[in-house]
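Below is one structure, written out as structure tokens; comments come after it.
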Amino acid sequence: MAGTVLAEVQNLSRYYGSLRAVNDVSFTVHQGEILGFLGPNGAGKTTTMQILSGNLAPSSGRVRIGDHDLLAEPKAAKRALGYLPEQPPLYRDLTVDEYLDYCAALHRIARGRRREAREAAKAKCGLTDTGRRLIGNLSKGYQQRVGIAQAIIHLPPLVILDEPTIGLDPIQIREIRALIRELGKDHAVILSTHILPEVQATCDRVQIISKGNLVLSDTIDGLARHLKSAALLVAFRQTPAIEEIERLPGVRSAAVQEDGRLRVQHDPGLDPTEHIVRVATERNWGLKEIAPERASLEQIFVELTTTEPAAPEPGNA
Ligand code: ATP
């Protein structure tokens, strides 16, 4: 992506005692993109987000936000970013307006412009009618909207959201994801999450972190290629003998799973779906379902973290 670089992370590491929570991580975030920072619990996401937002010092490495080095010029760098931590920093006893006015002051928005900034942030986050409500009385989904509003009230080019949908119900999750996509029109967004479909639904690009190491950086289309395993899941009304399936072109092996479906492994370049459908019809097996198996996030982690590096091409060594 060719937009302006809004954040540049170089060789970032962070130790907690002898535990290396983040290990030599480097990446950039460009204007106009929503970057998914995906990893299982304990992978190092929150540590990275805390460092990027200037709330935690790295053990080594550099972070630039816009034109400013985060360690050398923290105030200037922080003006260019908004941050929603995993635990939103909300005051339950304040109204939405009181709290956002307070946040506007913290972000040094001039007194005469605070109201305008507050109303604009509320409008973007679907909070226009909630100004007088106590934050503690709002639903979790609306509390999260307030958390996002405080992160964007000073119109930062970069917004960092750490697990913003955790603990929300499915409808609230959908709404917050839609809101994040909207934010992506005006801000670059880093979205930290452990939920694979969240990245697929929301982001332009993905980085996967596992045990402190970045193991994948790719577009969402590139991620989809990793998700496609060379296997089909097939269900018949009358399951044929395994050997009949294994004789079909491209099929490497087949096995009945616990749920009764057949898992048919095939050559990566030779999808036997059409053969199976045709033969199933001819032999009256009663095909009920046939679909490519989708790798789970856990399987991708295993694949990415256990695959040997490819041997250098002859002549490129
Ligand atoms: P989660 O989603 O569970 O928060 P995460 O990907 O955000 O996971 P981190 O919170 O960054 O991961 O944690 C990375 C590793 O560092 C974990 O092993 C965690 O136990 C450890 N860790 C995090 N904070 C501290 C701390 N303050 N002191 C010691 N160890 C820590």
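The values are calculated or read from the model by the stated rules, or taken from the named source; none is laboratory data. Please read these numbers as outputs of a predicted model, since none were measured by experiment. So basically every Cβ, Gly included, is an ideal-geometry build from the backbone, and we count neighbours across all protein chains shown.
Of the candidates Leu216, Leu232, the single residue that is touching a Ser or Thr at 6+ places or on another chain (Cβ under 8 Å) and either at pLDDT below 95 or more than 16 Å from the ligand (Cβ to nearest atom) (or both) is Leu232. Inside region 285-317, can you point out the residues that are surrounded by fewer than 14 Cβ atoms within 10 Å (Cβ to Cβ), among the acidic types (Asp, Glu) and at pLDDT below 75? Matches in region 285-317: Glu298, Glu308, Glu313. Applying the criterion of at least 3 residues that are away from the ligand (no atom under 16 Å from the Cβ) to the strands (runs of 3 or more DSSP E) found wholly in region 1-104 leaves 5-16, 19-30, 60-65. Before we move on, is Gly39 modelled with pLDDT under 95 and surrounded by 23 or more Cβ atoms within 10 Å (Cβ to Cβ)? Yes; evaluated as a whole, the condition is true for this residue.
Residues in region 164-193 that are closer than 19 Å to Leu138 by Cβ, within 16 Å of the ligand (Cβ to nearest atom) and not aliphatic (A, V, I, L, M): Pro164, Thr165, Gly167.
Quick grid of which residues meet (1) free of Cβ contacts under 8 Å to residues at least 12 places away in the same chain; (2) outside any helix (DSSP H, G or I); (3) more than 24 Å from the chain's Cα centre (by Cα):
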residue: Ala121; (1), (2), (3): no, no, no
residue: Asp129; (1), (2), (3): yes, no, yes
residue: Arg132; (1), (2), (3): no, yes, yes
residue: Tyr142; (1), (2), (3): no, no, no
residue: Arg145; (1), (2), (3): no, no, no
residue: Ile148; (1), (2), (3): no, no, no
residue: Ile166; (1), (2), (3): no, yes, no
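Here Pro85 fits the description: buried (at least 17 other Cβ atoms within 10 Å of the Cβ) and either over 28 Å from Asp221 (Cβ atoms) or out of contact with any Asp or Glu (no Cβ under 6 Å at 6 or more places or on another chain) (or both). The sole residue among Gln257, Gln265 that is in contact (Cβ under 8 Å) with a residue 12 or more places away in the chain and surrounded by fewer than 12 Cβ atoms within 10 Å (Cβ to Cβ) is Gln257.
Candidates are the residues of region 61-81 that are more than 18 Å from Arg108 (Cα to Cα) and of a type in the set (Asp, Glu); the one that is surrounded by the most Cβ atoms within 10 Å (Cβ to Cβ) is Asp69. Applying a threshold of 6 Å to beta carbon distances and a minimum spacing of six or more residues, or different chains, the list of pairs starting in region 41-66 at a residue that is in contact (Cβ under 8 Å) with a residue 60 or more places away in the chain and ending at one that is assigned to a helix (DSSP H, G or I) and away from the ligand (no atom under 12 Å from the Cβ) reads Ile65/Ala77. Candidates are the residues of region 51-86 that are polar (S, T, N, Q) and under 22 Å from the mean Cα position of the chain (by Cα); the one that is nearest to Ile153 (Cα to Cα) is Ser53.
Checking each residue in region 150-163 for being in a helix (DSSP H, G or I) and not polar (S, T, N, Q) picks out Ala151, Ile152. If the condition is being closer than 17 Å to Ala291 by Cβ and crowded, with 16+ Cβ neighbours inside 10 Å, then region 186-238 contributes Leu227, Ser229, Ala230, Ala231, Leu232, Leu233, Val234, Ala235, Phe236.
Take the residues of region 4-20 that are farther than 16 Å from Leu81 by Cβ and of a type outside the set (S, T, N, Q): which is farthest from the chain's Cα centre (by Cα)? Result: Gly17.
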